[in-house]
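Notes follow the structure.
The values are calculated or read from the model by the stated rules, or taken from the named source; none is laboratory data. Quick caveat: nothing in here was measured; it's all calculated off a predicted structure. Here Cβ is always computed from backbone atoms with ideal geometry, including for glycine, and neighbour counts include all displayed protein chains.
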């Protein structure tokens, strides 16, 4: 029996760093007042996080990023009791990558290769 997919962040993606409130209303609605205030303060004029380096496509504050930027918080913010973190994280990344990069982009292909079950 094949092992299930395993979520893993890939370098050089940054699709989740697109914080544009007009595109991420569901994310903003899931946050408490303090988180919402911090989230909105992180949105740059171009809709990307102010801590996202567009050249290297990396987060400048990765180790100190807020809880709502951490995959482990997905179930707490968006899930329901009993939701599988792996499945929710994979679905969320696929959705964000598709929205920002397109479904046939090299970033999507790298992500799919990375999460693919190993024999």
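Output the residue which, of all residues in the range 26-49 that are within 14 Å of the chain's Cα centre (by Cα) and part of a helix (DSSP H, G or I), is surrounded by the fewest Cβ atoms within 10 Å (Cβ to Cβ). Selected residue: 26. For the range 67-77, filtered to residues that are loosely packed, with under 15 Cβ neighbours inside 10 Å and under 13 Å from the mean Cα position of the chain (by Cα), the residue that is farthest from residue 38 (Cα to Cα) is 72. On the basis of being in contact (Cβ under 8 Å) with a residue 60 or more places away in the chain, exposed (fewer than 13 other Cβ atoms within 10 Å of the Cβ) and in contact with a helix residue (DSSP H, G or I) (Cβ under 8 Å, 6 or more places away or on another chain), does residue 102 make the cut? When the stated conditions are applied, residue 102 does not pass them.
Yes or no, residue by residue, for (1) touching a helix residue (DSSP H, G or I) at 6+ places or on another chain (Cβ under 6 Å); (2) closer than 16 Å to residue 15 by Cα; (3) at pLDDT 90 or above:
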residue	(1), (2), (3)
29	no, no, yes
35	yes, no, yes
38	no, no, yes
41	no, no, yes
45	no, no, yes
49	yes, yes, yes
54	no, yes, no
58	no, yes, yes
63	no, no, yes
